[in-house]
Protein chains: 2
Amino acid sequence: MSLQVVIIGAVALGPKAGCRIKRLDPSVNVTMLDRDSLISYGGCGIPYFVSGDVADLKGLLSTSFHMERNAGFFKGAKGIEVLTRTEAVAIDRKTKQVRIANLDHGGEKSIPYDRLIIATGSSPVVPPVPGMDLEGVMPINDLHAAQRVQEMVSQGRVESAVVIGAGATGLEMAEALADLWGVETHVVEAADRILPAFMDREMASMMTSHLEAQDEVNIHLNCPVSRILDDGQGKVRGVVAGGEEIACDLVLVATGVRPNSELAREAGLELDDRGAIVVDEYLRTSDPDIFAGGDCVSQMHLISGQRIYMPSGSVANRMGRVIGGNVLGGQNRFPGVVGTFCIKLFGLSLAHIGLNEDQARAAGFDPAAPLVVQADRAHFHPDQAMMYMKMVADRSSRRVLGLTALGENGDAVVARVNALAASIGGGVSLDEISNLEMAYSPPLGAALDILNAAANTVENLIEGRLNSMHMDEFTRRLEQGEGADTVFMDMRTAENAKPFLERYAPAWTHLPQETLAQHLNEVPRDKDVVLVCNSGARSYEAQCTLNAAGFSNTYNLGGGVAAVRKSGYPILGNGDKSGK
Amino acid sequence: MSLQVVIIGAVALGPKAGCRIKRLDPSVNVTMLDRDSLISYGGCGIPYFVSGDVADLKGLLSTSFHMERNAGFFKGAKGIEVLTRTEAVAIDRKTKQVRIANLDHGGEKSIPYDRLIIATGSSPVVPPVPGMDLEGVMPINDLHAAQRVQEMVSQGRVESAVVIGAGATGLEMAEALADLWGVETHVVEAADRILPAFMDREMASMMTSHLEAQDEVNIHLNCPVSRILDDGQGKVRGVVAGGEEIACDLVLVATGVRPNSELAREAGLELDDRGAIVVDEYLRTSDPDIFAGGDCVSQMHLISGQRIYMPSGSVANRMGRVIGGNVLGGQNRFPGVVGTFCIKLFGLSLAHIGLNEDQARAAGFDPAAPLVVQADRAHFHPDQAMMYMKMVADRSSRRVLGLTALGENGDAVVARVNALAASIGGGVSLDEISNLEMAYSPPLGAALDILNAAANTVENLIEGRLNSMHMDEFTRRLEQGEGADTVFMDMRTAENAKPFLERYAPAWTHLPQETLAQHLNEVPRDKDVVLVCNSGARSYEAQCTLNAAGFSNTYNLGGGVAAVRKSGYPILGNGDKSGK
């Protein structure tokens, strides 16, 4: 008799595993079930459906050749039996059967399996505050919710909205509401930064500044929600967050997800502390005939060496293929993840891989993480745009631990992060990235790529030639003004320095880098000297000169004035929009 | 006394090494000399200056903060002594002196060195045919030549031009002449494809087709130049190539470069067969006090294991930093190159890394290299564009050997190639790339990236599930028509198949993939069956079904109809422009 494979869950991982099994061995019987009527959709596309970028919900449900991925499609094109509106209520591991219930008609029955795949995904975490059950308050967890929101905004029924949570989904939904529909949108976040799962404060601040510059977008940080307000008729009228009341007629809850693992727990499979199913590197659960993957499992982080929970549609797809092979006896490995992430918001893109500086420290490393600013291709090419980048490396081992990049050419930003994907898990060194052979042609890259430059800069920091100062510390000292024991030394042209001298002299001084060697006596030795240029490159050059002349009181403003401006700090007053 | 470092050559590697030395130890005396009056320019930017993308020659000579990199700049900002219009005429290794000559005044003298860096670059190879000395015939090897061409075209003195050589420089110059200036441009190439140093025929044909679709561009392949024609007054009037005469008033010679190594040869340093200076992985020549890098040296190819000559401004820059450190006693390694390359022409970009299928075979591997076509981001996102990709892997070791990608979003194309840069030299496996964690968000990537898909496709080929047919073979059989023992089976919708049935029936048949399992008896067993869809994905699905049903006579058209059209083949007649 044919092998019987049952798959619980028909989005991302489930279909991928099922199709792979049928391609490897069409004689296998594959049955896939799902609670929902809509299956195999691109959930990550929901914000783009709400915004109108994807005109029709079918876009998220269709193959690249425009066939809708419904039960009929899986039957005809893939040879997979699909049962929609069907819930798995219990797994009997002894008899190897799954008890299933039809959610429309109520009938229950058991179906046998030789191999079982748990692809139950995740559910939204809802903050435990009063009012979450009001009309107009909803998580964005499936296409039905997406449709409801899209209907409300497209019919003009939403004037203002509060998005709870500044993670990827929350920010993408905020863009969708504000950009196309002109909804006044407030994003409230309990943490001190947006995207707290991935970003350090400096890099987060650049995107926050960009978001705040958009019409209709308001970001509220350090702002936990304490209650949702009732209009007296069971409908939302506002949100209380961080002690303030924000009026709104729609609340989207985007405070993360948790693994759907009740079924696995009841079947006695091993779960981790946060309730995610534990799988080995072959994606087997603690029962060798049961595989699991996607949003219901935790993964090994290949850099920190810790198990983490990183739900991702992309990881789920790749895991699906691995499981498909292993169900049939293959030995395909999925050793873990390296935490890649990207997001595009109002034309600005941000991407990340590995650990940020805070995470690296928490994982026991001694991180060096200077900020680097450079053009994303030949600086003389008209298509160039500035990119802002932080590479994190361990000081003692020189191992690269993470990378964050931000800029306007989204593909170019993501490219730098992806360039580390194949090697960062294996412990790539700074020296290898310093020499990394990035393709070069002036319209497409730089002779010395920003990724090479970032590795070089980390090395300079580790070896003590570069002594970098964070933006936060720079602005704190700048605001102290002349009373403090800090001198800011502008290494640029007189024209560049002029407005800064007008605003900050005498604390701000001017000494062009190319004249420094002849004017060493003008550099104070009794104060901290913060060296400043546009990007941090000329000021580093100056720091080398001063190091050699015996100065040990200099700091380089990492990323220069460009980075300070990008973070939204009004260094030349509120009228200074040059960073925008 | 301070260490004396002399650098011969002041473009790319020379300045990079010199500046690094001065940053590491400002007490070192660095003297850099160059035959030219213009130094430290971005030579790769020449086509963009000729086209007008870079408005002023100063753009190629300036830092990102708009300071011109002349002798004064290097003196003031970097502490480097620069002698322009100065030629090194001999190296005396015994006394450690370089004999230099002033090209303007004729004086000669010797300068001592403790460490010498040879950064003499390369010179154009000029084909040995009559007429190369005529007025209007020139290689594009420096800024002076660039200026002359730019003056000629901007003053309207060029109506038609012949570019000899379809390498990167030749094609970029052709774009510059034709696109902005409307010059009728002919590119003549002796090989059977453009970019013969990097491309296989299939991938090259897609870019060739794109070039030929542009106004004023004509590509002549298999077309060696035999002579340049004189107008009787010492000026060019045309070119004879491949037996044909092409009239023109400008000839640009872009048939590659050779290393400038005469000085090294005369000093008794080791050269390789093609005359490039041999260096070790620390970039030391056979004399431990003399370093060399950039266009005058050969490199180890980390995949083929052979020494190659790959001149590149980008490699030169990275080598410069390594030499800078090693001159001061560092042990920085430059183990070799992996052959990355990219080019953007009329909005279409092409990138490559490692070995192509032909090169892999020549290097002793047994390559599998199927063509894959997929969107470069979520297929439902409006910014998506199709990408065309070939990954090359060794059948027995499953080692990835190379990658070529082509598409309209240039940064996205280059990104896939760069994603292999850190791992391909170390022998990354197909399985690792299959699971490569590319960042995903619908505007910036796909849940299963084309790079993952390409690795999966190579694996399917190696494991015998996929039996792929090259485009060349497909079109050859298609032209044979019904007389041949080949059936083309269109697995798409009736609407897609209709025009193909009209043109090619009875050799062309139609059987939608989703109905195949019920119609196996309609598939002939006595002929070769070529399975066709738009991209090769549905036809692969069909092939799996047919394999399991015992058919061993099926071929999958790799890349599908999309790839055939992209290569410019008029599959539905000359009116078929749908691939453009």
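The values are calculated or read from the model by the stated rules, or taken from the named source; none is laboratory data. Computed from a predicted structure; not experimentally measured. Using ideal geometry, Cβ is built from the backbone for each residue, glycine included, and neighbour counts are taken over all protein chains shown.
Filter segment A:9-21 for residues that are more than 10 Å from chain B (Cβ to nearest Cβ) and in a loop (DSSP other than H, G, I, E, B); which is farthest from residue A:91 (Cα to Cα)? Before the answer, list the steps.
So in segment A:9-21, the residues more than 10 Å from chain B (Cβ to nearest Cβ) come out as A:9-11, A:13-15, A:17-18, A:21.
Now narrow it down to the ones that are in a loop (DSSP other than H, G, I, E, B): A:9-11.
On the way: A:9: 14, A:10: 17, A:11: 20 Å.
That would be A:11.
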**Item:** Residues within segment A:480-520 that are in contact with a Phe, Trp or Tyr (Cβ under 9 Å, 6 or more places away or on another chain), under 20 Å from residue A:469 (Cα atoms) and within 11 Å of another protein chain (Cβ to nearest Cβ), tallied
**Value:** 1
**Message:** Scan segment B:360-367 and tell me whether some residue there is closer than 21 Å to residue B:192 by Cα, within 18 Å of the chain's Cα centre (by Cα) and not in a loop (DSSP other than H, G, I, E, B).
**Reply:** yes
**Prompt:** Restricting to segment B:458-482, what's the tally of residues that are under 32 Å from the mean Cα position of the chain (by Cα), touching a residue at least 24 places away in the same chain (Cβ under 8 Å) and in a helix (DSSP H, G or I)?
**Reply:** 11
**Message:** Given the condition modelled with pLDDT of 95 or more, more than 22 Å from residue A:64 (Cβ to Cβ) and surrounded by fewer than 17 Cβ atoms within 10 Å (Cβ to Cβ), answer yes or no: does some residue in segment B:487-496 qualify?
**Reply:** no
**Asked** Among the residues of segment B:445-457, is there at least one that is touching a Pro at 6+ places or on another chain (Cβ under 9 Å), at pLDDT 95 or above, crowded, with 21+ Cβ neighbours inside 10 Å and among the polar types (S, T, N, Q)?
**Response** yes
**Request:** Take segment A:67-91 and flag every residue that is touching a residue at least 60 places away in the same chain (Cβ under 8 Å) and of a type in the set (D, E, K, R).
**Result:** A:78
**Fill in**
Subset of segment B:58-81, residues within 8 Å of another protein chain (Cβ to nearest Cβ) and either of a type outside the set (S, T, N, Q) or under 30 Å from residue B:163 (Cα atoms) (or both), comes to B:59, B:60, B:62, B:65, B:67, B:73, B:76, B:77, B:78, B:79
**Request:** State whether one or more residues within segment B:206-225 are touching a residue at least 40 places away in the same chain (Cβ under 8 Å), within 23 Å of residue A:442 (Cβ to Cβ) and assigned to a loop (DSSP other than H, G, I, E, B).
**Result:** yes
**Request:** Give just the number: which of (1) assigned to a helix (DSSP H, G or I); (2) without any contact (Cβ under 8 Å) to a residue 60 or more places away in the chain; (3) touching an Asp or Glu at 6+ places or on another chain (Cβ under 8 Å) does residue A:506 not satisfy?
**Result:** (1)
**Count - residues of segment A:392-427 that are within 21 Å of residue B:445 (Cβ to Cβ) and not acidic (Asp, Glu)** = 22
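Look through B:77, B:101, B:55, B:90 and report the one residue that is more than 15 Å from residue B:11 (Cα to Cα) and crowded, with 21+ Cβ neighbours inside 10 Å. I'd like the intermediate steps shown before the answer.
Values: B:101 fails: crowded, with 21+ Cβ neighbours inside 10 Å; B:55 fails: crowded, with 21+ Cβ neighbours inside 10 Å; B:90 fails: crowded, with 21+ Cβ neighbours inside 10 Å.
The conditions single out B:77.
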**Item:** Hey, residue A:415 more than 24 Å from residue B:403 (Cβ to Cβ) and either in contact with a Pro (Cβ under 8 Å, 6 or more places away or on another chain) or modelled with pLDDT of 95 or more (or both) or not
**Value:** no
**Request:** Test each condition in (1) closer than 28 Å to residue A:73 by Cα; (2) over 38 Å from the mean Cα position of the chain (by Cα) for residue B:485 and report the one that comes out false.
**Result:** (1)
**Fill in**
Restricting segment B:396-411 to residues that are under 16 Å from the mean Cα position of the chain (by Cα) and small (Gly, Ala, Ser), the one nearest to the other protein chains (Cβ to nearest Cβ) turns out to be B:410
**Fill in**
Scanning segment B:22-57 residue by residue, those facing chain A (nearest Cβ under 10 Å), under 22 Å from residue B:252 (Cβ atoms) and in a helix (DSSP H, G or I) turn out to be B:43, B:44, B:45, B:46, B:47, B:48, B:49
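Here's a check for you: in segment A:429-457, which residue that is small (Gly, Ala, Ser) and part of a helix (DSSP H, G or I) is farthest from the other protein chains (Cβ to nearest Cβ)?
Filtering segment A:429-457 down to residues small (Gly, Ala, Ser) leaves A:429, A:434, A:439, A:441, A:445-447, A:453-455.
From what's left, part of a helix (DSSP H, G or I): A:434, A:453-455.
Values: A:434: 7, A:453: 10, A:454: 13, A:455: 10 Å.
For segment A:429-457, the residue satisfying everything is A:454.
Would you be able to tell me the number of residues in segment A:154-181 that are charged (D, E, K, R) and either part of a helix (DSSP H, G or I) or in contact with a Lys or Arg (Cβ under 7 Å, 6 or more places away or on another chain) (or both)?
Pass one, segment A:154-181, residues charged (D, E, K, R): A:157, A:159, A:172, A:175, A:179.
Within this subset, residues satisfying the condition of being either part of a helix (DSSP H, G or I) or in contact with a Lys or Arg (Cβ under 7 Å, 6 or more places away or on another chain) (or both) are A:172, A:175, A:179.
The total comes to 3.
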**Request:** Name every residue in segment B:521-551 that is facing chain A (nearest Cβ under 10 Å), not in a loop (DSSP other than H, G, I, E, B) and not polar (S, T, N, Q), in order of residue number.
**Result:** B:537, B:538, B:540, B:541, B:542, B:544, B:546, B:548
